[in-house]
Amino acid sequence: MKYFLSFSLLFLTLVLSAQSAYHQCGVNHEMDAQIKERLLANREWAANNVVPRMDEIYVPLNFWRVGFDDGTGKIRITDILDQLCKLNQDYSDTRFIFYLNSILELDNENAFLEPTSFGAILNAQKNNQGADGINIFVCQNAGTGGIGTTLGYYSPNFDFIVLRKQELPAPTSETLTHELGHFLSLPHPFFGWEGQPYDPDIHGNPCTVNTAELVNGNNCNFAGDGICDTPPDYLFAFSPMSCVSGCNFECEIYDRNNEQIFPHVENVMSYFAPCAAYEFTTDQETAMYDDHASPSRNYIRSSYVPDTNTVATNWVVNSPTVAQKFDNYNSVLFDWEDMEHASQYLITISGSSNHEIIVDESELFMSDLLPNGFYTFGVRAYNEVSACSVFSPSSNLIFTTGDLETSDDNITEIDHLNIYPNPVKNSSTLTVTLDLNSNIPLTTSIFSTTQATAISIKHNDFHSGLNRMELDIEGLPAGMYLVKFSAGDKHIVKRVVITQ
Ligand SMILES: [Zn+2]
């Protein structure tokens, strides 16, 4: 009873004093035991099999944007790119190169708010759409319980990772780096001490716990994390000793052989935080390679080689220009120059309404902006591996929209309008056909997407029925153009690509 009381008091004190100070992962002792079991099985398997050693190991990642039932609350895509960038920096001393296999969506409030209770939902999604990579579910929370705030966890049962949303934007967050260590079979170095961190008043100094890992390495193959080059760690990071603080450990603690313990404070799998940098040990890296090579990891191994070129950053944005005012709001074209080695672009448009859009090409046509809107525009280039580029331009471009609406049925006299060919060569002619239900005067203007003034303006009186008109585009530089048809204050805008 006395023990129970003192333990409860200790626990309460820790919770009260350190709820925000202590950051932990959701891998508890039972989960850690499963991970360690795999580590030991892998070691035996690797000893009895020839394990191919690749210089570069490409690992596919599936990021899940989990949100409320209506799709709100999700992590931003730009934060996922930041996370991928950070992850590859953290693993740059290893052979692992992580690549973006897919970004997947899950609108489920239960999974979003309580992923630990609704793991079966996540697992069903993983089996359904995520069978070809490591699945990382980004939720509002990553569970509660334990001494500190839970930042994320790897589930050995379901074989997926859960991160709480606020871990991703932080450029200093090591959470995914740590959880992927678990995925690749690394237990915590303080395995066995999760329920009660070392306290000299309870465990003695020298430490009297018989099962504790020793400094001399005699029991390192099975005590603690089962990895020999990670020194003993009795969860000192959460120990109630004033000689431990953040990334500093200045305690004189001795094992039961009376040998002083020097834990690996900057180990990725430890709980010491915040440290300026973290690292894996050589044996931890070997354990991760063995896990990746093991039969249970077949599903993340393939001969696929992602594009590892670094995306260029010499940005040229053609549209919008600085403080550009678009007359229309429902037909706005954004355009920028191709960026070398980029496979995709992420566009963010924020302000009167908010949009985050991925496109494959260096342009975006928006038809759902708001009238009289005030917006900022940013574009970011990336490929599967290279995700470190930032938005361009560095300070977002501001633009506004007018209240003019363009649509095919806005000019009611026009039943049908067609422009061809499209794309069109600048040595040929652009033809417009108009099917009208009454006579109408029409003004046709051609705009470059980079200039506010029209390149050419043509006035015609058209008659009811089928009409045909030719537009002179000879010599115009290759690029994206808008052809605008106006009748009074009504407009129709069509996009045309002119090539050389
Ligand atoms: Zn952990």
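We did not get these values from a lab; they are worked out from the coordinates using the rules stated. Quick caveat, the model's predicted, so the values are computed rather than measured. Glycine also receives a Cβ, built like all others from the backbone with ideal geometry; neighbour counts cover every protein chain displayed.
Table for the structure above
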item	result
Neighbour-count ranking [beta-carbon atoms within 10 angstrom, fewest first] of Y22, Y198	Y22, Y198
Rg over Rh [alpha-carbon atoms, Kirkwood Rh] for the stretch 92-158	1.00
Crossing angle, helix 2-18 versus the chain [Cα axis fit, 0-90 degrees, rounded to tens]	30
Mean-position separation - Cα centroids, the stretch 347-361 and the stretch 241-302, in angstrom	40
Protection-proxy order for peptides 476-483, 354-361, 249-256, each taking the mean of Cβ atoms within 10 Å per residue, highest first	476-483, 249-256, 354-361
Alpha carbon centroid spacing (whole Å) that separates the stretch 32-99 from the stretch 148-212	16
Local electrostatic count, V332, Cβ distance below 15 Å [Lys/Arg +1, Asp/Glu -1]	-2
Ranked M54, M339, criterion: other C-beta atoms within 10 Å, fewest first	M54, M339
Long-range HN-HN contacts of A454 with modeled amide H, under 5 Å	none
Partnerless cysteines, meaning none of the other Cys C-beta atoms lie under 4.7 Å away, in the chain	C25, C139, C207
Angle between the chain longest axis and helix 77-90 axis [Cα atoms, degrees, rounded to 10]	40
Kirkwood Rh and Cα Rg combined as Rg/Rh, the stretch 317-404	0.97
Within-14-Å neighbourhood charge of L176 [Cβ basis; K, R +1; D, E -1]	-3
Net +/- balance of residues flanking A33 in space, Cβ distance below 14 Å, scoring K and R +1, D and E -1	-3
Unit charges on C-beta of K, R, D, E only; dipole of the chain, Debye	340
The chain: angle of helix 29-48 to the longest principal axis, Cα-based, in degrees nearest 10	90
Residues Y329, Y153 arranged by fewest to most Cβ contacts within 10 Å	Y329, Y153
Alpha-carbon spread of the chain, three principal axes, descending order, Å	101, 50, 38
